[in-house]
1. Which one is farthest from Ser100 (Cα to Cα), of the residues in segment 37-55 that are open to solvent by 20 Å² or more (accessible area, probe 1.4 Å) and assigned to a strand (DSSP E or B)?
2. Run Leu31 past the list (1) free of Cβ contacts under 8 Å to residues at least 60 places away in the same chain; (2) open to solvent by 60 Å² or more (accessible area, probe 1.4 Å) and report the number of the one that doesn't hold.
3. Taking the criterion of being under 19 Å from Leu91 (Cβ atoms) and out of contact with any strand residue (DSSP E or B) (no Cβ under 8 Å at 6 or more places or on another chain), would at least one residue in segment 20-35 satisfy it?
4. Of the numbered conditions (1) modelled with pLDDT under 95; (2) of a type in the set (Val, Ile, Thr); (3) under 18 Å from Asn6 (Cα atoms), Ile98 fails exactly one; give the number of that condition.
5. Under 6 Å by Cβ, and 6 or more places apart or on different chains, what pairs join a residue from segment 58-83 that is closer than 17 Å to Leu31 by Cα with one that is open to solvent by 60 Å² or more (accessible area, probe 1.4 Å) and acidic (Asp, Glu)?
6. Here are some residues: Leu74, Leu81, Leu11, Leu64. Which one is more than 16 Å from Ile101 (Cβ to Cβ) and not in a loop (DSSP other than H, G, I, E, B)?
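The values are calculated or read from the model by the stated rules, or taken from the named source; none is laboratory data. All of these numbers come straight from a predicted model, not from anything done at the bench. No Cβ is skipped: glycine too gets one built from the backbone with ideal geometry, and neighbour counts run over all protein chains shown. Surface areas here come from the heavy atoms of the whole protein model, side chains and all, with no ligands, DNA or RNA. Shrake-Rupley method; radii C 1.70, N 1.55, O 1.52, S 1.80 Å.
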Amino acid sequence: MFTKYNDLDLLELFWSESESLTGEIDDGEVLYRREISDFELTLFIYTYEMKCNVFLSYKDEDILSIELDNISELKKNEDQLYFYSNESVKLSVIFGKIFSINFQDGKFYN
């Protein structure tokens, strides 16, 4: 099993291509980063471990860190990115004037 996602969808949301975490382009460990105003959103994808880490910072100060396990798919819809575990949405990120992060399972992440 692995996390499915479309590189072009993430390119549209993050306005940049992925960066390899290890220097090996095909190992499935990548990051995406985007800044809006003074906010920066960083997404780490560990494809073959089915994990994603989401970090949000404001003026270089961390304000949110989320580790998601068992993520089967990332899907883009308009300006939103959805994180699925099996067929259930666990998290969504809205790319608007600032980033909005919505938790779907009621759990607290820090």
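1. Top of the filtered list is Tyr46.
2. (2)
3. No, segment 20-35 has no match at all.
4. The one condition Ile98 does not meet is (3).
5. Short answer, once both residue conditions are applied: none.
6. Going through Leu74, Leu81, Leu11, Leu64 in turn, just one is more than 16 Å from Ile101 (Cβ to Cβ) and not in a loop (DSSP other than H, G, I, E, B): Leu11.
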